[in-house]
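K.L.:
Just dropping this structure here.
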Amino acid sequence: MRTLVYILCILAVISCNDEKEKSLELREQHLLEKEKAFATKEIEYEKLMALRDSLENETIAPVVEENFPEEILGSWSGKMICTETSCAEHVVGDQRTDSWEFTPDGLKMVNKTGGERLFTGKISGNELVLASDISSNTTNTSEIVLSLTDLQTGRLKGTRSLTGKNDCIARFSVELEKVKK
């Protein structure tokens, strides 16, 4: 009988060890899964911290608004001659005389009938590039490029490209002379 008790005790101990071992293995697997998830989150966190640091340390260049040179500001008399056209309302050789008023933030062009056209511009190298403001009462767009190399003489020269109805294009040579006060 004693041997039977010993055998039963040994079997009970062995059986308990198997259950404990299985339970331990299960807990260990669960712990490994949690460690992997934590490692993934830690890597993601480090990336976010690096991104935040790079954004905080990024120096933002100040926006410099380049105003027109002082010599340009004021009234000019403009003469335009059509040099090339695919538009029905323009003919090569057509001449136009307009009044041009340069302000620090743009250009107002007034034709002989009093029609006004507003332009915004920027300086690119030694050229002044002007683009027409889009308004509801005009169907065409215009770009003017003026050379700033002869600015001291009180004269400006350049070109104007006008895109009209049905995408026709008219090109003009432009000559401006500063109005003397």
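K.L.:
Test of understanding: among Asp98, Asp105, which residue is at pLDDT 85 or above, under 30 Å from Lys181 (Cβ atoms) and either within 33 Å of the chain's Cα centre (by Cα) or surrounded by 14 or more Cβ atoms within 10 Å (Cβ to Cβ) (or both)?
P.N.:
Asp98
K.L.:
Where residues in region 152-166 are at pLDDT below 85 and surrounded by fewer than 19 Cβ atoms within 10 Å (Cβ to Cβ), which of them is nearest to Trp100 (Cα to Cα)?
P.N.:
Checked region 152-166; the qualifying residue nearest to Trp100 (Cα to Cα) is Gly154.
K.L.:
Right, next: Residues to consider are Arg171, Arg117; find the one that is on the phi < 0 side of the Ramachandran plot and at pLDDT 90 or above.
P.N.:
Arg171
K.L.:
Which numbered condition in (1) more than 15 Å from Ile81 (Cα to Cα); (2) touching a residue at least 24 places away in the same chain (Cβ under 8 Å); (3) in a strand (DSSP E or B); (4) not aromatic (Phe, Trp, Tyr) is the only one that Val129 fails?
P.N.:
Condition (2) is where Val129 drops out.
K.L.:
Could you list, ordered by first residue, the pairs with Cβ atoms under 9 Å in which the first is in region 68-83 and on the phi > 0 side of the Ramachandran plot and the second is surrounded by 14 or more Cβ atoms within 10 Å (Cβ to Cβ) and hydrophobic (A, V, I, L, M, F, W, C), at least 6 apart or interchain?
P.N.:
Gly74/Phe102
K.L.:
Just to be sure I understand, how many residues within region 144-161 are of a type in the set (D, E, K, R) and in contact with a Ser or Thr (Cβ under 8 Å, 6 or more places away or on another chain)?
P.N.:
2
Okay, residues lined up against (1) among the β-branched types (Val, Ile, Thr); (2) modelled with pLDDT of 75 or more; (3) assigned by TED's automatic domain parsing to the domain that holds Ser99; (4) within 30 Å of Gly154 (Cα to Cα):
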residue: Ile10; (1), (2), (3), (4): yes, no, no, no
residue: Glu33; (1), (2), (3), (4): no, yes, no, no
residue: Glu42; (1), (2), (3), (4): no, yes, no, no
residue: Tyr45; (1), (2), (3), (4): no, yes, no, no
residue: Leu55; (1), (2), (3), (4): no, yes, no, no
residue: Glu66; (1), (2), (3), (4): no, no, no, yes
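K.L.:
Looking for something of a type in the set (Ser, Thr, Tyr) and more than 28 Å from the chain's Cα centre (by Cα) - is there at least one such residue anywhere in region 137-152?
P.N.:
Yes, there is a match, as at least one residue in region 137-152 is of a type in the set (Ser, Thr, Tyr) and more than 28 Å from the chain's Cα centre (by Cα).
K.L.:
Okay, next question. Can you pull out the residues in region 124-134 that are β-branched (Val, Ile, Thr) and modelled with pLDDT under 85?
P.N.:
Ile134
The values are calculated or read from the model by the stated rules, or taken from the named source; none is laboratory data. Here the structure is a predicted model, which means the values were calculated and not measured. Positions of Cβ are backbone-derived with ideal geometry, glycine not excepted, and every protein chain shown enters the neighbour counts.
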